[in-house]
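Take a look at the structure set out below.
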Amino acid sequence: MIFEDMKNSVNKEAFLAKRRTAIASSPAIVDSMAAYILTDRFNDDIQRLIEGDYYFDLPTLILLRKGQSNRKRKVYSFSEENKILLQYLTFMLMEKYDDLFPDTLYSFRKNNSVGKLFRNIRNYDPHRDKYVIKMDIRSFGESIEPAILAKILKPFLADEPNLYSFIMWLITRNQYYRFGKVEEGFTSVLPGNPIVSFLQNVFLLEADRFMIENSRICCRYTDDICMLCEDRSSAEGFMEELKKIITNLGLSLNEEKSCIIPPGVGYDLLGIKFDPDMTDISENTFLKVSYKMKHRADSLCRRVKKGKLTEKEGLRLMAGYILFYYYGKGEDNSISWTDRFFQCITTSRSLKKLDHLSQDCLRYIATGRRTNAKYRFRYNDIRNTGYVPLVRAYYSRNKCYD
């Protein structure tokens, strides 16, 4: 039983060891986790859950801006100890149940890299002569009905009745804090909480199984679905069946992003653009990276101008952010940004643009200018910050040329 296994010291150490290598976990964060998990109080809290004493605090609703748009997404934040327990629970769920999900599912998996998917696509459809089904589920994390999920989750967790009861209690309270006050309203599966990815994957098991039975190459990553088909008739039939499955689950499609793409036409998939003659980083991926880099540069430059940072400190922080963003390891200790994209793309075209972007951010902090005056900070100065160009890293890793 997972709750009992969470008391086991071996499992605790395995979880903490993984967190120590995670991109979002500093030593201080892991020490804080250990200070709770490695205590008798943690075991007592787990025992309370086993006995049905669900003591969790209400989460806090936070509205986050989606990229550069004005749209907001809901995120529910838990108290520190509640969050740590849910993170550990997610780790245990992945350890026990990951093998029950189809290989076509790529979101939040232990050993299923999207790099493998992209290689399979290139091998199966090197000249873009297949039909491609692209589907996107609208507001997936905020639209799952707990009552429908319960019917799917109960048999999936048949050997974990205590865990099933706790999860259903957690997602059906429909209460939360906002601006310090308790409010009531539909919370779906509480997007933002650590176990939500597991619940989403269980919810769409039927769609995943349908895809793997009907297409040699297909995938789902959270709310993004893709199938490659030999002809338009098959593509249209499969798309209608998937629509029925998704609609029967109480979900709806984003019609603007759901379509059948004919042969010879490029398409985006999980941040990669597949064209007939090359595979490159998608424009949307470039824009996301550009927004993050410019936002960080603006923030650091303001601090330099206000005297809160020296120019040298600002450059060090910006260079560190860039290097960590591109080359830092992810939570599975194996996938960095460059690990993911370098194995998929066949051109350095977008990498050159990202290199120019990164260099401009460093020059902006050094000079406070976006005009030609920024070039007073020369390339040798940029190299002295420790910046590693993406193009050079790409060719070094792949030993190939466009």
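Accessible surface of Asp129, taken over heavy atoms with a 1.4 Å probe and every protein chain present, rounds to 80 Å².
Over segment 1-154, calculate the relative contact order: mean separation of alpha carbon pairs under 8 Å at least 6 apart, over the residue count, as a percent.
On the way: 81 pairs, mean separation 24.6, N = 154.
Relative contact order for segment 1-154 comes out at 16 percent.
FRET efficiency for the Phe324 to Lys154 pair, using the beta carbon distance and R₀ = 41 Å, is estimated at 0.50.
Can you tell me the dipole magnitude for segment 80-186 around its Cα centre, using point charges on the Cβ only (Lys, Arg +1; Asp, Glu -1), in Debye to the nearest 20?
Numbers: 16 positive and 15 negative charges, 88 e Å.
Here segment 80-186 has a charge dipole of around 420 debye.
Each Lys and Arg Cβ is given +1 and each Asp and Glu Cβ -1; about its Cα centre, the chain then shows a dipole of about 2760 debye.
Restriction of the trypsin sites (Lys or Arg not before Pro) in segment 1-99 to DSSP coil positions whose beta-carbon has at most 13 other beta-carbons within 10 angstrom yields Lys66, Arg71.
Could you state the accessible area per residue of the chain in Å², with a 1.4 Å probe and every protein chain left in place? Write down the numbers at each step before the final one.
Values: 19730 Å² over 402 residues.
Computed with neighbouring chains in place, this is 49 Å² per residue.
How high is the relative contact order of the chain, in percent, with contacts defined as C-alpha pairs under 8 Å that are six or more residues apart? Show your work: numbers first, answer last.
Working: 539 pairs, mean separation 71.3, N = 402.
Once divided by the residue count of the chain, the mean separation gives 18 percent.
Charge tally for Leu61 (other residues, Cβ to Cβ under 9 Å; Lys, Arg +1; Asp, Glu -1): +1. For segment 1-48, the fraction of 1.4 Å probe accessible surface lying on carbon and sulfur atoms is 54 percent.
With the Kirkwood sum run over all distinct C-alpha pairs, segment 90-140 has a hydrodynamic radius of 13.3 Å. Note on segment 65-188: with neighbouring protein chains present and a 1.4 Å probe, carbon and sulfur make up 46 percent of its accessible heavy-atom surface. Karplus-derived 3J(HN,Hα) values for segment 313-319, using 6.51 cos²θ - 1.76 cosθ + 1.60 with θ = phi - 60°, are 5, x, 5, 4, 5, 5, 4 Hz; glycine and proline are entered as x.
Please report the carbon-and-sulfur percent of the accessible area for segment 236-283; probe 1.4 Å, protein heavy atoms only, DNA, RNA and ligands left out.
Working: 1100 of 2260 Å².
Carbon-and-sulfur percentage of accessible area, whole number: 49.
Among the trypsin sites (Lys or Arg not before Pro) in segment 105-156, those placed in a DSSP loop whose Cβ has at most 14 other Cβ atoms within 10 Å are Lys110. Size check on segment 1-145: the Cα extents along the three principal axes, sorted descending, read 60, 38, 32 Å. Across the options Ile46, Leu105, Met1, the greatest Cα extent toward the positive end of the charge dipole of segment 1-122 (unit charges at beta carbon of Lys, Arg, Asp, Glu) belongs to Leu105. Quarter the surface of the alpha carbon convex hull of segment 227-333 and you get the mean projected area, 11.2 square nanometres.
The values are calculated or read from the model by the stated rules, or taken from the named source; none is laboratory data. As the structure is a prediction and not an experimental result, all values here were calculated from the model. When we count neighbours, we look across all protein chains shown, and the Cβ atoms used for this are built from the backbone with ideal geometry, even at glycine. Remember, those area values only see protein heavy atoms, side chains included, never the ligands or the DNA or RNA. Shrake-Rupley method; radii C 1.70, N 1.55, O 1.52, S 1.80 Å.
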